[in-house]
1. Using modelled amide H (1.01 Å from N, peptide plane; none on Pro or chain starts), what sits under 5 Å from the amide H of L683, excluding residues fewer than 5 places away?
2. Just the accessible area per residue of the chain, please: how many Å² with a 1.4 Å probe?
3. Take the cross-link list K689/K787; K261/K308; K420/K615; K678/K787; K52/K307 and give me the ones stretching past 30 Å between alpha-carbons.
4. Rank-order 58-68, 284-294 by packing density, defined as the average count of other C-beta atoms within 10 Å over each peptide's residues, highest first.
5. Convert each backbone phi in region 285-290 into a coupling constant with the Karplus relation 6.51 cos²θ - 1.76 cosθ + 1.60 (shift: θ = phi - 60°), then list the ³J(HN,Hα) values in order as whole Hz, x for Gly and Pro.
6. Could you please state, rounded to a whole Å, how far the C-alpha centre of region 77-121 is from the C-alpha centre of region 609-673?
7. State the extension gain, in nm to one decimal, for the chain segment bounded by K311 and N394, taking 0.36 nm per residue of separation less the distance between their alpha-carbons.
8. Could the peptides 247-260, 580-593 be put in order, highest first, of the mean number of other beta-carbon atoms found within 10 Å of their residues?
Amino acid sequence: MRYSLSCLLLLLFTCGAKLLCAQAPVYQPISAIKKGVFNTSSPDPIFNYHWKNTAATNNLQTYTLKPETYHSNTPKSFDMSRFRSKNIIGITGTGSMRFDFGQTNAGWLEFEADDMPDNVELSISEYNEPAILNQGAVHRIKTLAPVKHGNLYRLELNPELYEGVRFGWIHVGSHKRNWAMKNLRLVCQVKPVNYLGSFACSDDQLTKIWYTGAYTVKLNLMKDYLGAILMERSDRHSWTGDAYPSQAASMVAFGNYDMIKTNLIHTATLDNSIPSYSLYWVLSLIDYVNYSGDKAFGTRYIDNARKKLDKAYAMFDDPKDLNFYGWDERLGAGFENPTNPETQRAYQFLAIRCWMAFSKLASVLGQEKIGGQYSSYAAEKMKALRADKTWFNNTGLHASADAINTGLTTDTEKNSLYTKNFTSRVNRLSYSPFNEYFILQSLAGINKYDDALSSIKDCWGGQLDYGGTTFFEVYRPSWNNILGKNGAPVNNQCGYTSLTHPWSSGVTQWLSQEILGIKPLSPGFKRFSITPRPVANLTWLKGSMPTPFGAISIAVDLNTGINTISVPKGTQAEMVTLPLAGSLTDIYLNNKVIWKKGTLTKSDILLTDSTASFKSLKAGNYKYRLVYTAKKPLKVIVEPQWDYAINQFKQDSVTAGNWRSKFGKQGFVLFNFVDTGKNLERLPSFISKVNLKRQANLNVTNSPKTRGVLTDTLGNTGSLGTIVTQDPLACLQTMTMDVEATDTAEHEISLYFLVWDDQQRRSALEVFDLKTLNLLAPVQLVQHYQKGKYLTFKYKGSIRLRINQVRGKNAAVSGLFFD
């Protein structure tokens with residue numbers, strides 16, 4: 001097989017307590033002091049622990065957790081009478097027990113025993129079944145016998161020990177005599193950081209989203225770099241582009257500028273062979289200078305950034321070998337088809353955005369000539385793109401977001417892009433929250449904040465509803481309708497799905513910058529603006545932004561009219577724009593009237609129908625009370641419906657292999673029915689081709705006992721033919737069928753799922769428009785198909801069917817039928 005650079009990248013993708021194991025460094029117990037009230041909006045179990053020293057040079061530290069709940073299908077095998085009081089489990093038989101530690105953690109399981117006569121294994125997972133990952137991980141099946149160290153038994157799945165752990169299991173495979181398991185615990189690692197930023201509002205879910213994003217980043221702060229995933233599946237290192245939203249979230253939550261600086265240095269010469277990731281590094285550099293005020297670092301790396309930006313200029317007219325732009329189908333589904341018209345256009349706009357942003361940074365650093373060079377690049381290439389007067393008609397969601405984020409699109413272009421790509425509740429969501437971050441940025445850029453908050457609740461709020469305590473690598477809201485709470489997720493083109501992926505935490509930074517509205521106007525927030533936005537019927541919000549000078553804070557309450565602002569010493573708020581809740585009569589500042597209706601407005605106060613703005617607030621604390629004659633009624637917000645083109649599906653587990661009288665009256669494809677690689681097929685006139693990708697072909701010749709095997713057109717049963725996903729190879733937990741139609745009339749299609757080895761399988765189906773690659777239907781789950789099961793639905797035009805593995809050896813499809 002020949003491998004492209006994308007394929008090589010895919011292969012790279014795969015490639016309290018004392019730590020007694022020689023594999024891992026010794027981490028001291030946490031030195032943090034418990035302080036203040038625990039924040040119930042945060043999943044962080046040590047949220048209210050505070051460190052005196054949080055330098056980037058600090059090593060990791062550890063703390064231990066006990067399970068919050070436990071469950072067993074063989075409860076008589078476990079004596080739990082002393083578990084709550086003394087953390088002792090009496091082992092009295094064989095069986096398994098699952099423990100829930102309440103949230104995902106970076107840690108490992110261990111226990112103590114004076115004597116362990118039985119065969120015992122331990123498991124861990126981010127979801128409620130023992131985890132299984134792709135080939136390339138040190139231990140892809142996250143179940144193993146513990147390693148004995150004296151009377152300590154530890155689950156050691158990789159040299160660094162830690163994994164993503166929400167759930168843990170003990171499995172007793174044989175039982176010789178009763179014995180006691182003592183001090184079962186999860187040892188968790190942590191990089192010392194304090195929550196210096198904050199966010200809260202009248203929508204509890206948005207508040208939880210902010211803190212969940214922060215916690216997701218915190219779990220991935222390693223000793224000297226920012227990690228990209230908790231589970232060890234062979235790609236656990238710093239990915240340069242992934243780090244862009246992660247670092248942004250980290251700075252607004254923790255103000256850990258030195259750690260971000262360390263990671264920028266670590267990734268300065270790395271791009272993971274992904275051109276867009278070099279550009280995200282430049283955006284991270286700009287963020288870092290703006291947030292930290294470290295202009296010397298910006299000057300030090302200005303040439304490094306220029307090399308990246310010049311490379312983008314050189315490849316701008318014909319972007320090739322993009323290698324990766326995101327997991328979304330419209331972006332080429334990760335490594336499958338990463339260089340395509342949508343990603344090429346998106347990359348071009350990303351380059352223009354970076355040139356514009358860098359030109360501003362260069363000017364701030366006293367390099368006006370360099371800044372002028374890159375702003376001229378942006379103007380030149382934007383003009384070239386506009387040579388096609390209808391360019392915005394051929395631009396999809398992600399490229400549209402990147403176009404708007406350049407800051408150079410006209411109102412006409414913005415309106416066209418919005419109408420075309422951002423009004424569908426289904427398809428304004430990207431498969432990955434990483435890419436959705438850029439969509440949020442663009443929605444802010446066109447003042448569509450209600451749409452942005454709706455998308456946040458669908459994407460990130462949906463993950464919380466799923467049971468998540470961290471944010472996922474990929475996610476579709478329809479998962480919540482087919483998978484149990486905290487259930488095993490759909491695996492797909494990203495491989496085995498990670499449920500703790502800090503690249504999905506950009507929403508935390510977005511909420512601080514766009515809803516709290518605190519933005520730097522000069523490096524280090526020496527000058528800043530505040531524009532709080534209680535949109536979507538929020539009635540109050542409050543929060544703080546860490547800066548090198550101390551925290552900027554804002555609190556807005558539309559009900560009381562009271563707004564408080566704190567400006568730290570050494571900074572100035574150039575403009576504070578407060579929302580109005582009605583017809584204004586008086587403004588009080590620190591209990592003194594500064595404006596009354598009918599009087600002349602002062603030059604430092606700007607009033608509109610919806611806002612009151614105040615100029616040049618120097619260091620200090622401000623309390624503005626806005627008094628109204630009447631308040632505006634809350635607007636009625638009607639969420640758009642989930643606008644799927646396909647909503648009706650049927651499953652048939654009765655017909656089995658005897659399909660001729662019910663299915664395929666207009667055509668069929670029996671995969672590998674004749675032999676491996678040879679299908680039995682008769683396509684209908686309205687189908688020109690069925691193109692398979694990424695599948696493995698299988699023909700099982702001696703399977704007369706297999707139930708549900710498809711017959712031929714005469715009713716004879718032969719060998720079993722099927723296509724399967726190529727588990728456990730990384731990113732091959734999925735396969736696609738492109739069904740190319742010659743008309744746009746409505747037809748019915750059925751997929752036949754069948755296994756041949758009596759092993760349980762759970763599989764998922766996604767349906768896309770083959771031209772736009774927009775999602776057409778909610779994700780469907782197919783399970784218990786040992787005897788065969790048909791999944792049937794109606795469709796129009798050409799479609800792509802993506803079959804994903806959820807649980808089991810692989811996903812398997814034997815036939816495709818047209819009616």
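The values are calculated or read from the model by the stated rules, or taken from the named source; none is laboratory data. Predicted, not measured: the structure shown is a model, and the values here were computed from it. A quick note on method: Cβ atoms are made from the backbone with ideal geometry, for glycine too, and the neighbour counts reach across all protein chains shown. These accessible areas exclude ligands, DNA and RNA; they are computed on the full protein's heavy atoms, side chains included. Shrake-Rupley method; radii C 1.70, N 1.55, O 1.52, S 1.80 Å.
1. Here the answer is F668, since their amide H atoms fall under 5 Å of that of L683.
2. That works out to 38 Å² for each residue.
3. Pairs exceeding the cut-off: K420/K615; K52/K307.
4. Final packing ranking: 284-294, 58-68.
5. 4, 4, 4, 4, 5, 5
6. Each part reduced to its Cα centre gives a spacing of 42 Å.
7. Separation in residues times 0.36 nm, less the Cα-Cα distance, equals 27.3 nm.
8. Going by the mean number of other Cβ atoms within 10 Å, highest first, we get 247-260, 580-593.
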